[in-house]
Amino acid sequence: MVNFDELISFIFTQIKSLLLPGSIRANCTRVDSDSNDPAAFDHDQPSSKYFLTHLSSTQLTLLCLGTLATFSLIGIGIIQTKYIYTYVSERKKRKLLLILAFLFPISAALCLTGMFMPRASTINTSLGLFVFLFAISALIRLCRVLNGGWEQLADDMESRGHRISLMNPPFCCVLWCLPTLAPTSENLRFFELAVSQAPAVKALVLVTEIVAIAEYREASAFWLQLCDTVSLASLLALVFGFHALSRASGPTLSKFSYSTLFRLVDFGLLFFSAQEPLIFENIFVRFGAIGCTTTLNPHDQARCKSLLKH
């Protein structure tokens, strides 16, 4: 029979593990590498030299495929840059489109280098997500420029009798009766602020992660998990504002194929942000679906499987 104190303790332990997946007890740890890799720490990622010389055939194959895909994306980015300079004359629009053109090449390159250097993977992933958030902020600025300002968009929505829908991810998944808002410039600016805060928060998180890794090394896991949690909350606010503004602007910007661009960036963010601990560590490590390899413990292996998918 479980008493009340044990039940409360169990609930708090589960909540802690949801917010800080690094606290989940793994089924093994990497503790025998010091003799082979003098630079290694217990419970820490291996050096790039040790990692690359102890790859499994599956890891090697996926790294080769990832390298090929990344260089293909870089080539596509260069071609898109040429077209932007050829067909877009206005400087402000050109600058924002160039940011979007190199979104996928840069984020993929950061993921790939993180796979070659496991100890840098946390920082590289954060940098890649920062690039995504910065690009989405640029896309919303482009949306505002193409609309002629939020005041103009508010007037257009008012004339069509449209309101701002709040039934947007991620909150519409748990709240099924969200109201609509009047199409005012103040409301539109509020959603723009929800998008703009994310790059600033991520930059602060990135600096904190660098300091934590430099200061605590293998003992930095708690601070990194805390940074992931803060970053996830900021990311959810960005997704909400991004969807609200894009849906409001969709009919007005249909001639620019804005909805297509929005969907591409949105799906890219969906797959990239799967690297947040909520999915890979919280589910796969918790239920033992991901175990150890000869080079990585389960928590690092969870991140590596996520990175390899990109």
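The values are calculated or read from the model by the stated rules, or taken from the named source; none is laboratory data. Just so we're clear, the structure is a prediction, and the values are computed from it rather than from any experiment. Glycine gets a Cβ as well: all are built from the backbone with ideal geometry, and neighbour counts include every protein chain shown.
Do we have any residue at all in region 121-132 that's assigned to a helix (DSSP H, G or I), surrounded by fewer than 21 Cβ atoms within 10 Å (Cβ to Cβ) and among the small types (Gly, Ala, Ser)?
Looking for residues that are assigned to a helix (DSSP H, G or I), surrounded by fewer than 21 Cβ atoms within 10 Å (Cβ to Cβ) and among the small types (Gly, Ala, Ser), one finds none in region 121-132, hence no.
When you look at ILE74, is it free of Cβ contacts under 8 Å to residues at least 40 places away in the same chain, farther than 17 Å from GLY268 by Cα and of a type in the set (A, V, I, L, M), yes or no?
In short, no.
Name the pairs: first residue in region 233-255 and surrounded by 21 or more Cβ atoms within 10 Å (Cβ to Cβ), second residue at pLDDT 90 or above and in a loop (DSSP other than H, G, I, E, B), Cβ to Cβ under 8 Å, at least 6 apart or on different chains?
Cβ pairs passing all conditions: ALA248/PRO183.
Restricting the search to region 187-227, which residues are at pLDDT below 90, crowded, with 17+ Cβ neighbours inside 10 Å and not hydrophobic (A, V, I, L, M, F, W, C)?
If the condition is that a residue be at pLDDT below 90, crowded, with 17+ Cβ neighbours inside 10 Å and not hydrophobic (A, V, I, L, M, F, W, C), then GLU209, SER220, GLN225 are the ones that fit.
Being modelled with pLDDT under 90 and closer than 21 Å to VAL131 by Cα: is that true of VAL230 here? Spell out how you get there, then give the answer.
Values: modelled with pLDDT under 90: yes; closer than 21 Å to VAL131 by Cα: yes.
Considered against the rule, which asks whether it is modelled with pLDDT under 90 and closer than 21 Å to VAL131 by Cα, VAL230 comes out as yes.
Need the failing condition index for VAL145 against (1) modelled with pLDDT under 85; (2) within 21 Å of ARG263 (Cβ to Cβ); (3) surrounded by fewer than 14 Cβ atoms within 10 Å (Cβ to Cβ), just the number.
Against the list (1) modelled with pLDDT under 85; (2) within 21 Å of ARG263 (Cβ to Cβ); (3) surrounded by fewer than 14 Cβ atoms within 10 Å (Cβ to Cβ), VAL145 comes up short only on (1).
Report, by residue number, each residue of region 43-63 that is outside any helix (DSSP H, G or I) and either under 25 Å from the mean Cα position of the chain (by Cα) or on the phi > 0 side of the Ramachandran plot (or both).
Within region 43-63, HIS43, ASP44, GLN45, PRO46, SER47 qualify.
For region 166-193, enumerate the residues that are touching a helix residue (DSSP H, G or I) at 6+ places or on another chain (Cβ under 7 Å), polar (S, T, N, Q) and outside any helix (DSSP H, G or I).
Hits for region 166-193 are ASN168, THR184.
Which residues, counting only those in region 174-216, are small (Gly, Ala, Ser) and in contact with a Gly (Cβ under 6 Å, 6 or more places away or on another chain)?
Scanning region 174-216 gives a single hit, ALA194.
If you scan region 215-266, which residues turn out to be over 21 Å from the mean Cα position of the chain (by Cα), among the small types (Gly, Ala, Ser) and outside any helix (DSSP H, G or I)?
Scanning region 215-266 gives GLY250, SER257.
ARG160 is checked against (1) over 22 Å from GLY128 (Cβ atoms); (2) surrounded by 13 or more Cβ atoms within 10 Å (Cβ to Cβ); (3) touching a residue at least 60 places away in the same chain (Cβ under 8 Å) and fails just one. What number does that condition carry?
Among (1) over 22 Å from GLY128 (Cβ atoms); (2) surrounded by 13 or more Cβ atoms within 10 Å (Cβ to Cβ); (3) touching a residue at least 60 places away in the same chain (Cβ under 8 Å), the lone unmet condition for ARG160 is (2).
Could you grab me the full set of residues in region 94-119 that are of a type in the set (A, V, I, L, M, F, W, C) and either outside any helix (DSSP H, G or I) or closer than 19 Å to HIS54 by Cβ (or both)?
Selection gives PHE102, LEU112, MET115, PHE116, MET117.
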